[in-house]
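Heads up: the structure comes next, in structure tokens.
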Amino acid sequence: MRVDPSFETFVENSSTALLRTAYLLTGDRGHAEDLLQTALLRTARHWSRARDSPAAYARAVLLNLSRDRIRTLFRRPKEAPMPPDVDAIHAVDAGYEQIAERRVMLHALARLPIRQRQVIVLRFYEDMTVEQTAELLGFTPGTVKSHTSRALARLRELLAGHDSMEEVPRAHR
């Protein structure tokens, strides 16, 4: 975007006063700087209209932007203040730990051979008995038990480095 030299002169002469106005409207230096930046961009875009009275135009833009900001702030949920004892805040939300554990477990399950994975999913996630699993997969109960045993041993190896995981269950005999 090519900038008219008269706009550059306006910015050099008026930006401090406009920043002060923006600060008084927002009460926050960072928001004031953002407001001023946006107001100057809009003033530059409409310089042909604003050229006659650029300070008044920029102030009107600042006022409109501050009103928009206030409307936005009222629509947002209120922020809760930090507790006085920051050390009392739990480092990780329990829900997040469950999601992380689930992701680790899914990655470990994906590394199992397909039949072992099927047996683990049916036995422990679907809570089926050995006999139900054997019937569904077309295996003998002994095959289900051996696949379960091998799969649990492999999962223990894969999950050995993850302290947050509970112990992988022993095979049911």
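Since every read-out is calculated from the coordinates, none of them should be taken as a lab result. Quick caveat, the model's predicted, so the values are computed rather than measured. Every residue, glycine among them, receives a Cβ derived from its backbone with ideal geometry; neighbour counts consider all protein chains shown.
Stokes-Einstein diffusion for segment 5-75, with the hydrodynamic radius set to the Kirkwood value over Cα pairs and evaluated at 25 °C in a medium of 0.890 mPa s, equals 203 µm²/s. A helix-only calculation puts the chain at -21500 deg cm²/dmol for mean residue ellipticity at 222 nm, using -39500 (n - 2.57) for each DSSP H run of at least four residues, averaged over all residues. Quick one: go through segment 8-28 and flag any residue whose amide nitrogen is under 20 Å from the point 7 Å out along the Cα-to-Cβ line of L73. Of the residues in segment 8-28, 18-28 have backbone N under 20 Å from the label point off L73. Entry note, the chain: relative contact order of 14 percent, from Cα contacts under 8 Å with a spacing of 6+ residues. Computed over the alpha-carbon atoms, the chain gives an Rg to Rh ratio of 1.44, Rh here being the Kirkwood radius from the mean inverse distance. Its residue count N fixes a reference of 2.2 N^0.38 Å for segment 35-85, and the Cα radius of gyration divided by that reference is 1.65.
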